[in-house]
Amino acid sequence: MSPKPKLLLPEEYIKDAVSHIDKASSRIYLLTMIMMYDDTTSDLFDALIRASERGVQIEVVGDMFSYMERVGQYRIGMPIRGHLKPLRRLRSRLRRAGVKFTWLGDKASTIVTSRTHSKWLVVDDIVYSFGGINLFPHGIASNDYMIRIKNIGLASALIAEQSRIVRADRRGHAYRSHRINEGNNTVLIDGGLVGGSIIYKEACHLAKQARKVTYVSQYCPSGRLAKLLKATDTTFYFNPANTAAFLNVAVIWIASRLSGITTEYKQDRYLHAKCMIFELADGKRVALSGSHNYSNGGVWLGTREITLRTEDPHIIKLLEKFIATNIA
């Protein structure tokens, strides 16, 4: 019998992943938007190198937004080439150890369009996903999580999805959003088609049926979803605009002003988690949890995303405990 799913905070995720990577026997597949080698992530990347050197098949895929995030940390007087060197060094170290390494997004028209925002790590038959943790200092310091599930079918499906993303990105193409059904759970995948987010549509579909909703994201909801949530009993948790940085300030401030929605989030730690818990009119409870920010802007920027749609009472309780302990 497989162990029950577990919700892991950022530091717990790194520690747990390293322990399983060190025991891996066949395959490891990592997909993330932002990755950097530093004190917060070195244990994980060092474990990947050890696993590769003992013969485990490993593929690491990151989005070139990592370079933009690194540039965002640039300070006047720093040598720019030296500032970007850690990213190149990480790629070289992994490749020398036999890891298949790929950067995504070099064909994107701007720094925010066609990004791969999905996150997962597959270690043999264990999946870490359905959260938002990026592998760099700000990502590890954020209020976020990943969900660990042991499921061979799901693990194989995400490995196939990772290969599909790499092929599509190489050709500069998006692909149709779709579902992966696994028992009581459904994995929703956005393939990057502009305006074609199955995740955002499902959020709207559930919001329309809901009598009560708990909303958690780094951003204020926008577009049709904002109107549907505002029309029901929704508790909103997202970052106040004055605690955000870079482009996020404008995204949050504009969406909040246009929708008239305010946040109940008062914690100091930057909120990067993304989930919604719906109580439907018939009493059924459904949750969405993943990488999607539930912002209409992302829908029209064509980002690749992953979200778990679940009616599993255990996973819903994990999300409720996370919200009660870390958000509310």
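The values are calculated or read from the model by the stated rules, or taken from the named source; none is laboratory data. Remember, it's a predicted structure, so these values are computed and weren't measured experimentally. FYI the Cβ positions are ideal-geometry reconstructions off the backbone, even for glycines, and counts take in every protein chain you see. To get the accessible areas, we keep the full protein, side chains included, count just its heavy atoms, and leave off ligands, DNA and RNA. Shrake-Rupley method; radii C 1.70, N 1.55, O 1.52, S 1.80 Å.
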**Charge-dipole axis of the chain as Lys and Arg at +1 and Asp and Glu at -1 on Cβ define it, positive-most pick from S52, T310, A203** = S52
**FRET efficiency, 1/(1 + (r/R0)^6) with R0 25 Å, evaluated for H138 and R95 via beta carbons** = 0.45
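Take each complete run of DSSP H in the chain, measure how far its Cα atoms stretch along the helix's own axis, and keep only those covering 15 Å or more with mean Kyte-Doolittle hydropathy at least -0.5; list them. Intermediate values should be presented prior to the final figure.
Details: long enough: 10-21 (16 Å, -0.52); 42-53 (16 Å, 0.16); 80-96 (24 Å, -1.28); 152-171 (29 Å, 0.10); 198-209 (17 Å, -0.03); 248-259 (16 Å, 1.19).
Span-like helices, by this rule, are 42-53, 152-171, 198-209, 248-259.
Can you sort L206, L258 by 1.4 Å-probe accessible area, starting with the largest? Present the calculation step by step, with values, prior to reporting the outcome.
On the way: L206 0, L258 150 Å².
Descending accessible area places them as L258, L206.
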**Request:** Please compute the net charge surrounding R304, taking Lys and Arg as +1 and Asp and Glu as -1 over other residues with Cβ under 11 Å from its Cβ.
**Result:** -2
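Go through K6/K266; K23/K212; K23/K201 and tell me which ones have a Cα-Cα distance over 31 Å in this structure.
Numbers: K6/K266 26 Å; K23/K212 43 Å; K23/K201 39 Å.
Check vs 31 Å cut-off fails for K23/K212; K23/K201.
With a cut-off of 8 Å between alpha carbons and a minimum separation of six or more residues, what is the relative contact order of the chain in percent?
Normalised by residue count, the contact order of the chain is 19 percent.
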**Complete:** Expressed in square angstrom to the nearest 10, the accessible area of H138 with a 1.4 Å probe stands at 90 Å²
**Asked** Label K208 and A328 with points 7 Å out from Cα along Cα→Cβ: what is the distance between them in nm?
**Response** 2.9 nm
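Give me the percent of DSSP beta bridges within the chain that run antiparallel, rounded to the nearest 5. All intermediate terms of the calculation are to be shown ahead of the outcome.
Numbers: 42 of 62 bridges.
Roughly 70 percent of the beta bridges in the chain run antiparallel, per DSSP.
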**Complete:** In the chain the accessible area split gives carbon plus sulfur, as whole percent at 1.4 Å, a share of 52 percent
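Excluding ligands, DNA and RNA, what is the solvent-accessible area per residue of the chain at a probe of 1.4 Å, expressed in Å²? It would help to have the intermediate numbers written out before the result.
Details: 14350 Å² over 328 residues.
Roughly 44 Å² per residue, with all protein chains present.
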**Prompt:** Along the charge dipole of the chain, which of H20, F278, L225 sits closest to the positive end, that is, farthest toward it, with unit charges on the beta carbon of Lys, Arg, Asp and Glu (+1, +1, -1, -1)?
**Reply:** L225
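Let's see if you can work this out: charge +1 on each Lys and Arg Cβ, -1 on each Asp and Glu Cβ, no other charges. What is the dipole magnitude of the chain about its Cα centre, in debye to the nearest 20? Please report the intermediate quantities before stating the final value.
Details: 46 positive and 30 negative charges, 158 e Å.
Result for the chain is approximately 760 debye, rounded to the nearest 20.
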**Request:** Name the long-range amide H neighbours of S197: under 5 Å, sequence gap of 5 or more, or other chain; modelled H, no Pro or chain starts.
**Result:** none
**Fill in**
If every Lys and Arg gets +1 and every Asp and Glu gets -1 at its Cβ, then about the Cα centre region 1-70 yields a dipole, in debye to the nearest 20, of 400 debye
**Message:** If packing is taken as the average count of other Cβ atoms within 10 Å, what order do 118-127, 280-289 fall into, highest mean first?
**Reply:** 118-127, 280-289
